[in-house]
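Student: Handing you this structure, nothing more for now.
The values are calculated or read from the model by the stated rules, or taken from the named source; none is laboratory data. Keep in mind it's a predicted model, so treat the numbers as computed, not measured. Please note: Cβ atoms are built from the backbone with ideal geometry, for glycine as well, and neighbour counts cover all protein chains shown. Keep in mind that these areas ignore ligands, DNA and RNA; they rest on the heavy atoms of the full protein, side chains included. Shrake-Rupley method; radii C 1.70, N 1.55, O 1.52, S 1.80 Å.
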Amino acid sequence: MTQKLAEKRCVPCEGGAEALSQSAAEKLHKQLNPRWKLLEGAKKLEATFEFKNYFRTLAFVNAAAYIAINEDHHPDMAFGYKTATITFWTHNVNGLSENDFICAAKVDALTS
């Protein structure tokens, strides 16, 4: 049985690790909510979330930050009154790793 992305833990990328190929990224992308978009030739993964008000947006951003800290995998986050945009990519491989998809799945679980 394949383990769901949200049930996995991020693992440190060791020296010499490579970014996922576009086809590998597309395969993992299919396991996420459709709000997640592959960007820049499958080098980044981004989603925008909408909320009723600033309080809910900020609560979501804080919960996403908590996930990032616990997984030691840190996205770029931008937010305003009713929206939050999260962008994942693995800096040291200059592209996507499985860690990005694991964290995206965990962030998705916050809204389900």
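Student: What are the chymotrypsin sites (Phe, Trp or Tyr not before Pro) within segment 8-95 that DSSP puts in a loop, where the Cβ has at most 16 other Cβ atoms within 10 Å? Could you put the intermediate results ahead of the total?
Tutor: Details: sites: TRP36, PHE49, PHE51, TYR54, PHE55, PHE60, TYR66, PHE79, TYR81, PHE88, TRP89; in loops: TRP36, PHE51, TYR81, TRP89.
Filter output for segment 8-95: TYR81.
Student: Further question on the same structure: Grab the Cα-Cα distance for ASN92 and MET77, subtract it from 0.36 nm times how many residues apart they are, and report the gain in nm with one decimal.
Tutor: On the way: separation 15, 0.36 × 15 = 5.40 nm, distance 1.83 nm.
That pair, ASN92 and MET77, stretches by 3.6 nm at full extension.
Student: Compute the long axis of helix 98-109 from its Cα atoms, compare it with the longest principal axis of the Cα atoms of the chain, and write down the angle in degrees, 0 to 90, nearest 10.
Tutor: 20
Student: Can you give the accessible area of ARG56, probe radius 1.4 Å, in Å² rounded to 10?
Tutor: Per-residue accessible area (ARG56): approximately 120 Å².
Student: Using a Gaussian network model on the chain with a 10 Å cutoff between Cα atoms, which of ALA84, ALA47, ALA17 fluctuates the most?
Tutor: ALA17
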